[in-house]
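The values are calculated or read from the model by the stated rules, or taken from the named source; none is laboratory data. Worth saying up front: this structure is predicted, and the values here are computed from it rather than measured. Quick reminder, even Gly has a Cβ in these numbers, built from the backbone with ideal geometry, and neighbours come from all protein chains shown. Just the protein is used for accessible areas: all its heavy atoms, side chains included, with ligands, DNA and RNA removed. Shrake-Rupley method; radii C 1.70, N 1.55, O 1.52, S 1.80 Å.
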Amino acid sequence: IGNIERAIVCYELGIHFNPTCCEAYNNLGVIFKDQENLDRAIECYQTALSINPKFAQTLNNLGVIYTVQGKLDQAYKFIQEALETNPQYAEAYNNLGVLCRDEGRMREAIYCYETCLSLNKMSKNASQNRLLALNYVNDDNKQTFLEHKNWGEEFVKQFEQYTTFNNNMDKNKVIRIGYLSSDFFTHSVSYFIENILKFHNKNQFHITCYSNVIKEDSKTETLKQYPHSWKSVLGLSSKEAAAMIYEDNIDILIELTGHTAGNRLDIVAKKPAPIIITYLGYPNTTGLP
């Protein structure tokens, strides 16, 4: 996260010495996409494809950009080309699933996510996108719950959990609440959570917001004025972020993202607070035990 500018310089130097390095153009495009500079990202991807029209990774990445822009016909074209070039490209199936989801074709989306997982069972994006999509098929709520539960039981095995806490147990103490979210910007969740943050009784509750926001905006600045403390966990490992929450002696950690974009369920899986709940941003259990 802290070396973005250095990375840009390195790729530009690589291009200077090897102007036909399509990988450098592709990776430069990824950086600009992450910075939401989509025009520059498209320019880099198109240059990469002018060098190698069958570069599956760039075809897929360009499809993702057009998905973000809502240009679904172009997105389909490039992602399908990526799959024709490399039928084993797991993440391209995930991105095709996102396209289907955005058009409301949930069963097709689920099929694409499952195809991705058959090629790469470790795909975090596809596994969580599949769970999200299952909420909208609604054939069997019990089965949807079990799918989430099974996912959570497997996911949590990757992490070492906190089992003892040093929190003050005085019944008259100020309760320390933490809110963890990637949506503390102009996003529907931020509008719903704003008044909760604003009107907490500050004498009875100490509020800390743990933000995983990539690009802060005016809504972020508005929200920052309400809690006692605002801390960024962007770019921190699950171990580092969980240690921060644990050391803050948070009594109740409220996770606001669920299986939607940018979530930090890896932090939640380490159980850095004695009570953890998911609220507002997801219509089901996360499945974490």
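A compact table of results
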item	result
Matching entry among Gly258, Gly281 (being open to solvent by less than 30 Å² (accessible area, probe 1.4 Å), in a loop (DSSP other than H, G, I, E, B) and closer than 28 Å to Thr164 by Cβ)	Gly258
Which listed residue, of Ser182, Ser229, is more than 30 Å from Cys112 (Cβ to Cβ), modelled with pLDDT of 95 or more and not aliphatic (A, V, I, L, M)	Ser229
Cβ pairs under 8 Å, 6+ apart, first in region 156-170 and closer than 17 Å to Ala243 by Cβ, second open to solvent by 60 Å² or more (accessible area, probe 1.4 Å) and part of a helix (DSSP H, G or I)	none
Evaluation of Ser237 against (1) free of Cβ contacts under 8 Å to residues at least 40 places away in the same chain; (2) small (Gly, Ala, Ser); (3) surrounded by 15 or more Cβ atoms within 10 Å (Cβ to Cβ) (one fails), failing number	(3)
Pair list, Cβ under 6 Å, 6 or more apart: region 252-268 residue more than 17 Å from Ile193 (Cβ to Cβ), other residue part of a helix (DSSP H, G or I)	His259/Gln128; His259/Leu131; His259/Leu132; Asp266/Ser238; Ile267/Ser238; Ile267/Ala241; Ile267/Ala242
Given (1) open to solvent by 90 Å² or more (accessible area, probe 1.4 Å); (2) part of a helix (DSSP H, G or I), index of the condition Glu36 fails	(2)
Any chance Lys270 is open to solvent by less than 50 Å² (accessible area, probe 1.4 Å) and in contact with a His (Cβ under 9 Å, 6 or more places away or on another chain)	no
Filtered residues of region 175-212 (kept if buried (at least 19 other Cβ atoms within 10 Å of the Cβ), among the hydroxyl-bearing types (Ser, Thr, Tyr) and in a helix (DSSP H, G or I))	Ser190
Residue within region 222-230 that is within 30 Å of Ala126 (Cβ to Cβ), assigned to a helix (DSSP H, G or I) and open to solvent by 10 Å² or more (accessible area, probe 1.4 Å) present	no
Options Asn125, Asn129, Asn141, Asn135; residue that is in contact with a Lys or Arg (Cβ under 8 Å, 6 or more places away or on another chain) and among the polar types (S, T, N, Q)	Asn129
Residue check for Lys239: modelled with pLDDT of 95 or more, outside any loop (DSSP other than H, G, I, E, B) and farther than 18 Å from Ser182 by Cβ	yes
